[in-house]
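Visitor: Below is the structure I would like to discuss, written out as structure tokens.
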Amino acid sequence: MDIKSEEDIRILRENALIVSRTLAEVAKYIEPGIKTIELDRIAEDFLVEEGAIPGFKGYNGFPNTLCISINDEIVHGIPGERVLKNGDIVSIDCGSIKNGFYGDSAYTFAVGDIAPEVLDLLRRTRESLFLAIEMAVSGKRVGDISAAVQEYIESFEYSIVRELVGHGIGRHLHEKPDIPNYGKKGSGVKLQEGLVICIEPMINLGTKNILQAKDGWTIRTADRLPSAHFELTVVVRKEKADVLSTFQYIEEVLRSNRI
Ligand code: MG
Ligand code: MG
């Protein structure tokens, strides 16, 4: 477990804000009729303007800037010619690298009007992330974060993806410790001040079981019901986690789109 210096954290915050602003830029274009590859180009251009490079492109051979995962796709969808339709949900995960450190954030968007039960899934997945963030304080354990997501999510009839988890972040995209979205209070690694982690619940409307698509990347639900994914980066602190990335820019765009 790598504890970051204040200088490391300054650079991680810069990356976290770049991916937050990139997702907000992409949010302006999310509407029925747009191709996912167009969103990918918007994100890549924006990252480059911010002096960063795409964090996912080339990572283990991933071909694009964004992971774009629609409806039953959970994560790692590859942008392409697919067109967003009214009623879809789309998880957009964005990575950056600037000054040797990574940024990594994800948000699931509604495309036009979506079914009420799917809107609830998005809202509650987002809420579970903020409950988890409250546990990211020194002296707590990874299991406290995991249990916060699990208890909230399982109070509804949703299921939690087991195979994919949150992670430490720094000079590598995925560092120790793993941050599962299920687990027992008081278990696991003790959290120390200066640990920087990505918390990212992936929550399914139906079964927890997943499948990998033939493209070798896309992970989807086994029952083809929708899945939601939200991700923020936080620094473990004494009283309260310091949240490095933000949904504020995205949600300002979403509010102004609605007016
Ligand atoms: Mg991510
Ligand atoms: Mg991540």
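The values are calculated or read from the model by the stated rules, or taken from the named source; none is laboratory data. As the structure is a computational prediction, the values presented were derived from the model and not from experiment. Heads up, the Cβs are rebuilt from the backbone with ideal geometry, glycines too, and the neighbour counts pull from every protein chain shown. Accessible surface is based on the protein model in full, side chains and every heavy atom, while ligands, DNA and RNA are left aside. Shrake-Rupley method; radii C 1.70, N 1.55, O 1.52, S 1.80 Å.
Visitor: In the stretch 156-181, what residues are in a loop (DSSP other than H, G, I, E, B), at pLDDT 95 or above and within 19 Å of Pro226 (Cα to Cα)? Full working, then the answer.
Guide: Pass one, the stretch 156-181, residues in a loop (DSSP other than H, G, I, E, B): 156-158, 161-165, 169-174, 180-181.
Right, trim to at pLDDT 95 or above and you get 156, 158, 161-165, 169-174, 180-181.
Within the stretch 156-181, Phe156, Tyr158, Val161, Arg162, Glu163, Leu164, Val165, Asn181 qualify.
Visitor: Something else: Return the total of residues in the stretch 204-259 being within 21 Å of Val111 (Cα to Cα), in a loop (DSSP other than H, G, I, E, B), over 19 Å from the mean Cα position of the chain (by Cα) and not hydrophobic (A, V, I, L, M, F, W, C).
Guide: Matching residues across the stretch 204-259 total 2.
Visitor: Report yes if Lys140 is in contact with a Lys or Arg (Cβ under 9 Å, 6 or more places away or on another chain), among the basic types (Lys, Arg) and either modelled with pLDDT of 95 or more or under 23 Å from Leu244 (Cα atoms) (or both), otherwise no. Steps first, please.
Guide: On the way: in contact with a Lys or Arg (Cβ under 9 Å, 6 or more places away or on another chain): yes; among the basic types (Lys, Arg): yes; either modelled with pLDDT of 95 or more or under 23 Å from Leu244 (Cα atoms) (or both): yes.
Yes; evaluated as a whole, the condition is true for this residue.
Visitor: Name the single residue that is farthest from ligand 2 (Cβ to nearest atom) among those in the stretch 82-95 being among the small types (Gly, Ala, Ser) and in contact (Cβ under 8 Å) with a residue 60 or more places away in the chain. First the steps, then the outcome.
Guide: Taking the stretch 82-95 first, the residues among the small types (Gly, Ala, Ser) are 87, 91, 95.
Now narrow it down to the ones that are in contact (Cβ under 8 Å) with a residue 60 or more places away in the chain: 91, 95.
Values: Ser91: 12, Gly95: 8 Å.
The qualifying residue farthest from ligand 2 (Cβ to nearest atom) is Ser91.
Visitor: Still on this structure, I have one more. Every residue in the stretch 130-180 that is within 16 Å of ligand 1 (Cβ to nearest atom) and farther than 30 Å from Asn99 by Cα, please.
Guide: Across the stretch 130-180, the qualifying residues are Val149, Val161, Glu163.
Visitor: Let me ask another. Among all residue pairs at least 6 apart or on different chains, which show Cβ distances below 6 Å where the first residue, located in the stretch 1-24, is more than 23 Å from Tyr249 (Cα to Cα) and the second is of a type in the set (Gly, Ala, Ser)?
Guide: Close Cβ pairs satisfying both conditions: Asp2/Gly170; Ile3/Gly194; Lys4/Gly194.
Visitor: For the stretch 177-203, name all the residues that are under 17 Å from the mean Cα position of the chain (by Cα) and open to solvent by 40 Å² or more (accessible area, probe 1.4 Å). Full working, then the answer.
Guide: First pass over the stretch 177-203, keeping only residues under 17 Å from the mean Cα position of the chain (by Cα): 177-182, 196-203.
Hits for the stretch 177-203 are Asp178, Tyr182.
Visitor: Let me ask you something else. Using beta carbons and a limit of 6 Å, which pairs, at least six apart or on different chains, have the first residue in the stretch 96-113 and at negative phi and in a strand (DSSP E or B) and the second one within 14 Å of ligand 2 (Cβ to nearest atom) and of a type in the set (D, E, K, R)?
Guide: Ser105/Glu231; Ala106/Asp93; Ala106/Glu231
Visitor: Every residue in the stretch 1-27 that is in a loop (DSSP other than H, G, I, E, B) and modelled with pLDDT of 95 or more, please. I'd like the intermediate steps shown before the answer.
Guide: So in the stretch 1-27, the residues in a loop (DSSP other than H, G, I, E, B) come out as 1-2, 4-5.
Result: Lys4, Ser5.
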